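The values are calculated or read from the model by the stated rules, or taken from the named source; none is laboratory data. Predicted model only: the values in this text are computed from it and were never measured. Every residue, glycine among them, receives a Cβ derived from its backbone with ideal geometry; neighbour counts consider all protein chains shown.
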Amino acid sequence: MKTAYFDAFSGLSGDMIVGAILDCGAAFDEFERAIKSMPLAGYRLSTRRKVLSGISALKFDVAVTEPQPERHFGEIRALIDASPLAAAVKHRAISIFEVLARAEAKIHDTTIDHVHFHEVGAVDSIIDIVGTAWGLEHLGVGDVIVSPLPMGNGFARSQHGVIPVPAPATAELLSGFPLKIGDGAHEMVTPTGAAVVRALARPAANPLAFEVEKIGYGAGSRELEDRPNVLRVMLGRECSAFDSDEMIEISANIDDLNPQIYDHVMNRLFEAGARDVTLTPTMMKKGRPAVTLGVIAEAANRDALAQIIFAETSTIGLRFHAVGRLKLHREIHEVETRWGKVRVKISGANGGAPATISPEYDDCRRIAAEHKVVLRVVMDEARAAATNAGSALLKR
């Protein structure tokens, strides 16, 4: 599958993302049919060419023709689920709304089920988010990477009143991404754009080795004095054999904790965003046997994870440092078995070694329990199905 690089030198918004995707070759008539398959009313879609600083970009517009209600996350999820859109499109769209709901819930000190979406619950924002999910799937995009994002400055008006730029939801969503604070005279990244980045993208390497196949430009609404207000989306493939990212490693030596507690601690850490948690036997001073608890995570999650470790274990001190990771590229695909669909992870296809196919354990365990089948048999059949379809999957 392809990689989409969001070259966001002027920031990004939902309509800019959709415009750039359509400019990359996604057919507007098919896009419009996909959007109209949802149970939504009171809007009209259109596109037009717009030239900014000599760059011809596609401006995508949603004209709202009827008043729209405020919607909860659950209502939006049900609306998307009720549509005939492909499962992968629904999954991407709902994941975008979910990360936005979690950010809003944290800011307003409530739960995601009680979050009222105001601007982002409107029909135009729903179309931007679902349209982004549909467009990426239509173009065969499996991975999204994004440049450092200009965050602007000043203040903006919202349903809650005057708020700082970047908006609180935007700042929350983009924790862990490279940001250029104060770059730009206006709001440069909208909450919709930030939610797309949080749910689907990862920071691009710098410098980025990238083989470009196609380029699309999506135009924004505002005229900027210091740059063209466009989002450039490049479709292609990263040239490196390995993916990379930057994490932190948190560790603590513990010699006086009931071993039964470690399973609970690990589960809490994973739920809070840890990428990996390990327990390593070690020896401490005075010959005392101990365990080193190690956690790999994004830097933005450091304090939340530290709070869990201090609360749930007996340690009184932690160590942490930045770590770089090299990873084999991996893709998630669904394969059909006689008991239903199973997700499989295919990794290493571009790393010079034979690809590794790993059935998703939770899917296989659920099927084994539902159909009273031996778990190993389910995993073997899923692996065989992925192997048989391997060449087709890797070319997608």
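Here are a few things to note about the model shown:
- Arg302 more than 20 Å from Gly324 (Cα to Cα), surrounded by 15 or more Cβ atoms within 10 Å (Cβ to Cβ) and in contact (Cβ under 8 Å) with a residue 40 or more places away in the chain: no
- Filter pass, Val291 being farther than 30 Å from Arg319 by Cα and at pLDDT 95 or above: no
- Meets criteria (at pLDDT 90 or above, β-branched (Val, Ile, Thr), surrounded by 14 or more Cβ atoms within 10 Å (Cβ to Cβ) and on the phi < 0 side of the Ramachandran plot) for Ile55: no
- First in region 226-241 and not assigned by TED's automatic domain parsing to the domain that holds Leu136, second anywhere and buried (at least 21 other Cβ atoms within 10 Å of the Cβ) and modelled with pLDDT under 95, Cβ under 8 Å, 6 or more apart: none
- Any strands (runs of 3 or more DSSP E) falling wholly within region 316-390 and containing at least 3 residues that are over 22 Å from Phe242 (Cβ atoms) and not small (Gly, Ala, Ser): 330-337, 340-347
- Only residues that are under 15 Å from Leu200 (Cα atoms) and more than 19 Å from the chain's Cα centre (by Cα) were counted in region 67-112, giving 0.
- Test: residue in region 63-73 that is touching a residue at least 40 places away in the same chain (Cβ under 8 Å), surrounded by fewer than 19 Cβ atoms within 10 Å (Cβ to Cβ), assigned to a strand (DSSP E or B) and touching an Asp or Glu at 6+ places or on another chain (Cβ under 9 Å): yes
- Selection of region 80-90 for residues being surrounded by 17 or more Cβ atoms within 10 Å (Cβ to Cβ) and either touching a strand residue (DSSP E or B) at 6+ places or on another chain (Cβ under 7 Å) or in a helix (DSSP H, G or I) (or both) yields Ile80, Val89, Lys90.
Residue by residue, here is whether (1) hydroxyl-bearing (Ser, Thr, Tyr); (2) touching a strand residue (DSSP E or B) at 6+ places or on another chain (Cβ under 9 Å); (3) surrounded by 15 or more Cβ atoms within 10 Å (Cβ to Cβ) holds:
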site: Arg198; (1), (2), (3): no, no, yes
site: Ala204; (1), (2), (3): no, yes, yes
site: Ala209; (1), (2), (3): no, yes, no
site: Gly216; (1), (2), (3): no, yes, yes
site: Gly220; (1), (2), (3): no, yes, yes
site: Leu231; (1), (2), (3): no, yes, yes
site: Asp243; (1), (2), (3): no, yes, yes
site: Met247; (1), (2), (3): no, yes, yes
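- Strands (runs of 3 or more DSSP E) contained in region 168-287 and holding at least 2 residues acidic (Asp, Glu): 210-219, 242-254
- For first residues located in region 96-111 and touching a residue at least 40 places away in the same chain (Cβ under 8 Å), partners that are of a type in the set (Lys, Arg) and lie 6+ apart or on another chain with Cβ distances below 7 Å form the pairs Phe97/Arg77; Val99/Arg198.
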